[in-house]
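Participant: Before I ask anything, let me first share the structure, which is written out below as structure tokens.
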Protein chains: 2
Amino acid sequence: MKFEEKALKAIVESLSETIAAARGEVPADIRFENCRIVNVFSGEIQDGDIVVAGGRIVGFGPLPAKDVRDMKGLYAAPGLIDAHVHIESSMTCPSQFAAAVLPHGTTTVVADPHEIANVMGTAGIAYMLDTSADLPANVLFTLSSCVPATSMETSGAVIGPAEIAEWISNDRIPALAEMMNFPGVLFRDPEVLQKIAVATAAGKPIDGHSPGLSGADLTAYLAAGIRSDHECVSLTEAREKLRQGMFIMVREGSGAKNARTLMPLVGSDTWHRMMWCTDDRNPHDLVQEGSIDVLLRMAVSMGIDPVTAIRMGTLVPATYFGLHHLGAIAPGRQADLVFFRDLESFDAEEVYWKGKRVAAGGVLDASVTFAEPNVPPSTMHIEAEQLDFRLQATGSRIRVIEIVPDQIVTRAGIDDACVQEGLFVSDVRRDLLKLAVIERHGRSGTKAVAFVRGFGLRSGALASSVAHDSHNVIVVGTSDADMQVAVVAVRDMGGGIVVVNEGRILERLALPIAGLLSTLPVTEIAERLHRLVQAAHSLGCPLKDPFMTLSFLALPVIPVLKLTDMGLVDVGRFDIVPLVFQENEEVL
Amino acid sequence: MKFEEKALKAIVESLSETIAAARGEVPADIRFENCRIVNVFSGEIQDGDIVVAGGRIVGFGPLPAKDVRDMKGLYAAPGLIDAHVHIESSMTCPSQFAAAVLPHGTTTVVADPHEIANVMGTAGIAYMLDTSADLPANVLFTLSSCVPATSMETSGAVIGPAEIAEWISNDRIPALAEMMNFPGVLFRDPEVLQKIAVATAAGKPIDGHSPGLSGADLTAYLAAGIRSDHECVSLTEAREKLRQGMFIMVREGSGAKNARTLMPLVGSDTWHRMMWCTDDRNPHDLVQEGSIDVLLRMAVSMGIDPVTAIRMGTLVPATYFGLHHLGAIAPGRQADLVFFRDLESFDAEEVYWKGKRVAAGGVLDASVTFAEPNVPPSTMHIEAEQLDFRLQATGSRIRVIEIVPDQIVTRAGIDDACVQEGLFVSDVRRDLLKLAVIERHGRSGTKAVAFVRGFGLRSGALASSVAHDSHNVIVVGTSDADMQVAVVAVRDMGGGIVVVNEGRILERLALPIAGLLSTLPVTEIAERLHRLVQAAHSLGCPLKDPFMTLSFLALPVIPVLKLTDMGLVDVGRFDIVPLVFQENEEVL
């Protein structure tokens, strides 16, 4: 193996400084006195000091230090690790995301840049890596394994085995990201197996994603080398997966909330294979509820030993991802520390990253400042002014996507079309609204129009460039004119979310980074989203979160009827179906 | 990262076959029915089948298989892993070592080739890798970190940072071997830190070796990234090391027996950081007692849960070394299985490696045959006929190495010399015998002669090419003539052990591989050693194992007075001292 002289020299120097400080030959940077130290190795809580030099832990005794802080009996835990999260779900850039989670004690996130990768490909991954490289937090990325997610939509990019091989060895990429394409594994898709082979050869773990998979199919999926799962929704499912060797990531997100259900699986025999993750946190929840601390609170309130809960948010993910410099208060490890007043509320009194204080009392330290990230070139390649949403009436009965409130699954309805002047049009009275998905990556120029029930708009239109997984522009409206104004507005912002009525923009949120991310603080994004929702409500929409609902209507892996830029997708058949329903067809 | 096309293709093909078998699309090779499966993930014992295809585990249900075996309720555990062992201590070649441990259920050994590396350098490591590559066992090697062990002896080779860099990425080298040079770490020896830096950059763990180290010095040693220890001799020591983040390898060897002492540390909070190892097993103990099964028996007899004991011999070392294809009965993992009748005696009824039976009822399967390994060129570079053991009498009081029976430490005595014709000579009456160490690597041609008390020979001589750590030839005798005959005999065998009396060889064991290893089965080696010991006893030697004692007399890291080819070593002073004691010197 070739080693870079410079890299080796840097390691030797760092080791040398650390050892000298550990022996007290030079003064350390800080000594935290009077800590109750959570020992994730032995499961104990020990009274002692923590000494830090050069960003690393170098001792537990009375070593000389330039700065001595009396922690007055606070509990000291390793910085928390979120084992699986999509930063894009919080609609903010990595720096603002870090700013949001650090005050909660989360110093490490392992993020899957699946959304931005679907828009920008490896350039998107590079963007996330670059803009998070200098943050006072460990922002790591798994390498998106399923871009595009399906062949029934036009994504902005393709990440194949060659790209995986190019990126997998990056120091800040500890794993191959969730292998959602489990049918591809089971049916031995050569490209899928090649991606797995590359990750295996590189010695990196492969995150799983296998909702509901069990028995022989689960075994077959795991036999490919998949090592973790964050999709368990029942105790039975989690138990089977753990028994078969998967690390179980217990998830508490904005969409999927599984922690309460899975908590009974945590025990003295199982915790070493279990960890916490948030997966998706919308801006509101991130601000109001927090990060991994939410899971610690839940765990302890349900009777789980607090040290066990902390281990699942520190040592276990560090071990799983091979991050041996993180996850414990131990010699030589990075001094990422969170001080708690008690192990019940888990309110982070103080948070340190590499021995520097970054937050206290739930607020980011004033000294922590972020440069505004560069915004990459616009990814909105739409001739918005030329869009034509008209649909020739070629029948009388049509397929209708029927929304199930607060769910990402839909129902497939069949209804009488509303026809005017030979065209299918929206029918506000019956809540039958036009829905369109417009390819925006400049790759195919495709567009599909269909009908949806459940948005309840009496006038106006809603549009967004956040539409899983390819993130084309999706728009729902009562008139073609407002739909067009909405799409133009989204395009003009370089991506974003908008509410339009009678040709006028009521509210908007620009998401100029890949049409997915804002550069605003999460609190402000949450506030703007709130106003967007209120504007939608003012137009008659009864949905709690119409933009979340909208964003999943284009995702052709979630049942049952969806719309991509290629057309209506019958997810059960995994095929495109026509808008017009023929009476001799079988009902879905 | 560059990936070899061929290697990737092989992984894809293997994945594909495994998945197909897991889905029952093609018949598997074997289905073991009616097993009680030890689940190292969940801690449970589950009734079920184990299905194997292509050497991997592919299922637990009624999949089609070419061969079905009713295991009649036997317990099925993953093949056992010895986390740290020196094959050289058993004086046999890797194939015969595997033949000895497989019937005990040990299918994986992580061996440190420290002894052969001290004689042959990386060629010795290559020899061990080559001759074990095709064995029906996983024989892995850590990369010897301390060759030579000290600067006060002439070893056969030097392994520096460049050699470490060349070998560390080898697939069958999961770690840097025990970093015995802890003073080198604490005092930041640049070469030592470079070796550590290379292993760190390669992402490989670094085994530790730090007997008795504690407090700030232990922290400093660990801060360098050292991750495990197998040298704990007290519960207090082990607890401190575990708390500071070391994986504890509980050792039960022929020399050091720590298991009984350390067993109380094993608990539900700690087992995940603990594993078993044998370190050194002499041929007799290997034959009579066994391998890792010895530790399982001891653990259970001392009240430890059997599944916990098994986890420490399977999943924990597999995780520690990053051997994710081993250590569990789980989808896709290698089908290394051991079937036990009960979890108390741990007698291995049947043992499988990659799904092939290799042993049953404590005996290797007849189908398992080994090619006799090539013997490398002789490493005995001694002009044995020219040796001159005479010592000019330059004083009257001399330093004497005093043996402590059954220990590897010695005492330092001072006694009146026996002088004849102006020469220091052996004095059988006072058990003051000549001891010589002769450099045999053809590097320096050095030789040192001194006196030892404790061998009790009334006539004759004992010689051996096994003499830690540089393995020069060591010889003790009542006359210069017999000492020379003994060294000539050792040289003529290409290395070995010999007992000589009055010019005649009484017993001998050839160790033609590096002067350390035989190609004989371990049982035969044990028998020959037994005869050697009896021959020594017949000459008046009262020591239980005179050759073990002899082999440690040249090891200058064990207190207090030793002899290397460079002279008498005062281990306390870490310096060479003269044979003649000056009355104005301070006593040791």
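The values are calculated or read from the model by the stated rules, or taken from the named source; none is laboratory data. Computed from a predicted structure; not experimentally measured. Neighbour counts are summed over all protein chains in view; Cβ atoms, including those assigned to glycine, are modelled from backbone coordinates with ideal geometry. Areas reflect the complete protein model, heavy atoms only, side chains present, ligands, DNA and RNA absent. Shrake-Rupley method; radii C 1.70, N 1.55, O 1.52, S 1.80 Å.
Participant: Could you list all residues from the stretch A:156-204 that are β-branched (Val, Ile, Thr), open to solvent by 50 Å² or more (accessible area, probe 1.4 Å) and either outside any helix (DSSP H, G or I) or more than 9 Å from every other protein chain (Cβ to nearest Cβ) (or both)? Spell out how you get there, then give the answer.
Facilitator: Step one: of the stretch A:156-204, the residues β-branched (Val, Ile, Thr) are A:158-159, A:164, A:168, A:173, A:185, A:192, A:196, A:198, A:200.
Checking the rest, the ones that are also open to solvent by 50 Å² or more (accessible area, probe 1.4 Å) come to A:158, A:200.
Scanning the stretch A:156-204 gives a single hit, A:Val158.
Participant: Also, quick follow-up: Among residues belonging to the stretch A:372-385 that are more than 23 Å from the chain's Cα centre (by Cα) and surrounded by 17 or more Cβ atoms within 10 Å (Cβ to Cβ), point out the one that is nearest to A:Pro94 (Cα to Cα). It would help to see each step written out before you state the result.
Facilitator: Restricting attention to the stretch A:372-385, the residues satisfying the condition of being more than 23 Å from the chain's Cα centre (by Cα) are A:381-385.
From the residues that got through so far, the ones that are surrounded by 17 or more Cβ atoms within 10 Å (Cβ to Cβ) too are A:382, A:384.
On the way: A:Ile382: 27, A:Ala384: 30 Å.
So the residue we want is A:Ile382.
Participant: A follow-up question, please. Of the residues A:Leu337, A:Leu423, which is within 30 Å of B:Gln244 (Cα to Cα) and outside the structural domain of A:Asp29 (by the TED database)?
Facilitator: Details: A:Leu423 fails: within 30 Å of B:Gln244 (Cα to Cα).
None of the other options fit; the residue is A:Leu337.
Participant: Ok, one more. Checking B:Leu433 against (1) assigned to a strand (DSSP E or B); (2) surrounded by fewer than 23 Cβ atoms within 10 Å (Cβ to Cβ): exactly one of these is not met. Which one?
Facilitator: (2)
Participant: What are the residues in the stretch A:461-500 that are surrounded by fewer than 24 Cβ atoms within 10 Å (Cβ to Cβ) and either small (Gly, Ala, Ser) or assigned to a strand (DSSP E or B) (or both), if any?
Facilitator: If the condition is that a residue be surrounded by fewer than 24 Cβ atoms within 10 Å (Cβ to Cβ) and either small (Gly, Ala, Ser) or assigned to a strand (DSSP E or B) (or both), then A:Ser479, A:Ala481, A:Ala489, A:Gly494 are the ones that fit.
Participant: Sticking with this structure for a sec: Taking the condition in a loop (DSSP other than H, G, I, E, B) and open to solvent by less than 20 Å² (accessible area, probe 1.4 Å), does A:Thr369 pass?
Facilitator: Values: in a loop (DSSP other than H, G, I, E, B): yes; open to solvent by less than 20 Å² (accessible area, probe 1.4 Å): no.
So A:Thr369 fails the test.
Participant: Of all residues in the stretch A:205-239, which are part of a helix (DSSP H, G or I) and more than 10 Å from chain B (Cβ to nearest Cβ)?
Facilitator: The initial filter retains those residues of the stretch A:205-239 that are part of a helix (DSSP H, G or I), namely A:215-223, A:235-239.
Hits for the stretch A:205-239 are A:Leu235, A:Thr236, A:Glu237, A:Ala238.
Participant: In the stretch B:512-556, what residues are on the phi > 0 side of the Ramachandran plot and touching a strand residue (DSSP E or B) at 6+ places or on another chain (Cβ under 9 Å)?
Facilitator: B:Gly515
Participant: Let me ask you something else. So, in the stretch A:240-264, of the ones that are at the interface with another protein chain (Cβ under 9 Å from one of its Cβ atoms) and in a helix (DSSP H, G or I), which residue ends up most open to solvent (accessible area, probe 1.4 Å)?
Facilitator: Residue satisfying both the conditions and the ranking: A:Arg243.
Participant: State the number of residues belonging to the stretch B:302-331 that are among the polar types (S, T, N, Q), at the interface with chain A (Cβ under 9 Å from one of its Cβ atoms) and crowded, with 24+ Cβ neighbours inside 10 Å.
Facilitator: Matching residues across the stretch B:302-331 total 0.
Participant: Next question, about the same structure. Looking at the stretch B:272-285 only, could you name the residues that are of a type outside the set (Ser, Thr, Tyr) and more than 9 Å from chain A (Cβ to nearest Cβ)? Please lay out each step first, then the result.
Facilitator: At the first step, the residues of the stretch B:272-285 found to be of a type outside the set (Ser, Thr, Tyr) are B:272-277, B:279-285.
Listed by number, the residues that qualify are B:Met274, B:Met275, B:Trp276, B:Cys277, B:Asp279, B:Asp280, B:Arg281, B:Asn282, B:Pro283, B:His284, B:Asp285.
Participant: Can you find a residue that is away from chain B (no Cβ under 14 Å), within 30 Å of A:Glu583 (Cα to Cα) and either open to solvent by 50 Å² or more (accessible area, probe 1.4 Å) or without any contact (Cβ under 8 Å) to a residue 24 or more places away in the chain (or both) anywhere in the stretch A:333-354?
Facilitator: Residues of the stretch A:333-354 that are away from chain B (no Cβ under 14 Å), as a first pass: A:336-354.
Filter again for within 30 Å of A:Glu583 (Cα to Cα), leaving none.
Looking through the stretch A:333-354, none of the residues is away from chain B (no Cβ under 14 Å), within 30 Å of A:Glu583 (Cα to Cα) and either open to solvent by 50 Å² or more (accessible area, probe 1.4 Å) or without any contact (Cβ under 8 Å) to a residue 24 or more places away in the chain (or both).
Participant: Shifting gears a bit: Please verify whether A:Arg573 is open to solvent by 30 Å² or more (accessible area, probe 1.4 Å) and outside any helix (DSSP H, G or I), treating the condition exactly as stated. Don't jump to the end; show me each part of the working.
Facilitator: On the way: open to solvent by 30 Å² or more (accessible area, probe 1.4 Å): yes; outside any helix (DSSP H, G or I): yes.
Criteria met by A:Arg573.
Participant: Also, I was wondering about something else. Of the residues A:Ala165, A:Ala111, A:Ala123, which single one is under 25 Å from A:Glu527 (Cα atoms) and assigned by the TED database to the domain that holds A:Pro205? Spell out how you get there, then give the answer.
Facilitator: Numbers: A:Ala165 fails: under 25 Å from A:Glu527 (Cα atoms); A:Ala123 fails: under 25 Å from A:Glu527 (Cα atoms).
Within the list A:Ala165, A:Ala111, A:Ala123, the selection yields A:Ala111.
Participant: Would you tally the residues in the stretch B:31-58 being more than 8 Å from every other protein chain (Cβ to nearest Cβ) and among the small types (Gly, Ala, Ser)?
Facilitator: First, pick out the residues of the stretch B:31-58 that are more than 8 Å from every other protein chain (Cβ to nearest Cβ): B:31-38, B:40, B:45, B:47-55.
Next cut, among the small types (Gly, Ala, Ser) only: B:48, B:53-55.
Counting residues in the stretch B:31-58 that are more than 8 Å from every other protein chain (Cβ to nearest Cβ) and among the small types (Gly, Ala, Ser) gives 4.
Participant: Could you count how many residues in the stretch A:501-528 are under 21 Å from A:Phe97 (Cα atoms) and open to solvent by 30 Å² or more (accessible area, probe 1.4 Å)? Before the answer, list the steps.
Facilitator: Initially, the stretch A:501-528 is screened for residues under 21 Å from A:Phe97 (Cα atoms), giving A:508-528.
The next check asks that each one be open to solvent by 30 Å² or more (accessible area, probe 1.4 Å); those that pass are A:508, A:510, A:512, A:520-521, A:523-524, A:527-528.
Number satisfying all stated conditions: 9.
Participant: If you go through the stretch A:6-49, how many residues are within 23 Å of A:Ala76 (Cα to Cα) and part of a loop (DSSP other than H, G, I, E, B)? Talk me through it step by step, then tell me what you get.
Facilitator: Taking the stretch A:6-49 as the starting set, the residues that turn out to be within 23 Å of A:Ala76 (Cα to Cα) are A:18-19, A:21-24, A:27-49.
Filter once more, so that each one left must be part of a loop (DSSP other than H, G, I, E, B): A:23-24, A:27, A:39-44.
Count: 9.
Participant: For the stretch B:1-30, give me the residue count where each residue is among the β-branched types (Val, Ile, Thr) and more than 8 Å from chain A (Cβ to nearest Cβ).
Facilitator: Going through the stretch B:1-30, the residues among the β-branched types (Val, Ile, Thr) turn out to be B:11-12, B:18-19, B:26, B:30.
Retained after the next criterion (residues that are more than 8 Å from chain A (Cβ to nearest Cβ)): B:26, B:30.
The number of residues fulfilling the criteria is 2.
Here is a yes/no grid of residues against (1) under 29 Å from B:Gln386 (Cβ atoms); (2) crowded, with 19+ Cβ neighbours inside 10 Å; (3) more than 29 Å from the chain's Cα centre (by Cα):
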site: B:Ile401; (1), (2), (3): yes, yes, no
site: B:Asp406; (1), (2), (3): no, no, no
site: B:Ala412; (1), (2), (3): no, yes, no
site: B:Asp415; (1), (2), (3): no, no, yes
site: B:Glu421; (1), (2), (3): yes, no, yes
site: B:Glu439; (1), (2), (3): yes, yes, no
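A quick yes/no check of all residues on (1) assigned to a helix (DSSP H, G or I); (2) within 13 Å of the chain's Cα centre (by Cα); (3) of a type in the set (D, E, K, R):
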position: B:Thr108; (1), (2), (3): no, no, no
position: B:Val139; (1), (2), (3): no, yes, no
position: B:Ala149; (1), (2), (3): no, no, no
position: B:Glu153; (1), (2), (3): no, no, yes
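Participant: Let me ask something additional. What about A:Ser95, is it on the phi < 0 side of the Ramachandran plot, more than 11 Å from every other protein chain (Cβ to nearest Cβ), small (Gly, Ala, Ser) and buried (at least 24 other Cβ atoms within 10 Å of the Cβ)?
Facilitator: No, not satisfied.
Participant: Quick one: what pairs do we get from the stretch A:42-53, first residue within 17 Å of B:Leu265 (Cα to Cα), second open to solvent by 20 Å² or more (accessible area, probe 1.4 Å) and modelled with pLDDT of 95 or more, C-beta under 6 Å, 6+ apart or different chains?
Facilitator: Taking only residues 6 or more apart or on different chains, the pairs are A:Ser42/B:Arg243; A:Gly43/B:Asp269; A:Ile45/A:Arg36.
Participant: If you check A:Thr150 against the conditions, is it facing chain B (nearest Cβ under 10 Å), on the phi < 0 side of the Ramachandran plot and of a type in the set (S, T, N, Q)? Write out each step before concluding.
Facilitator: Numbers: facing chain B (nearest Cβ under 10 Å): no; on the phi < 0 side of the Ramachandran plot: yes; of a type in the set (S, T, N, Q): yes.
Criteria not met by A:Thr150.
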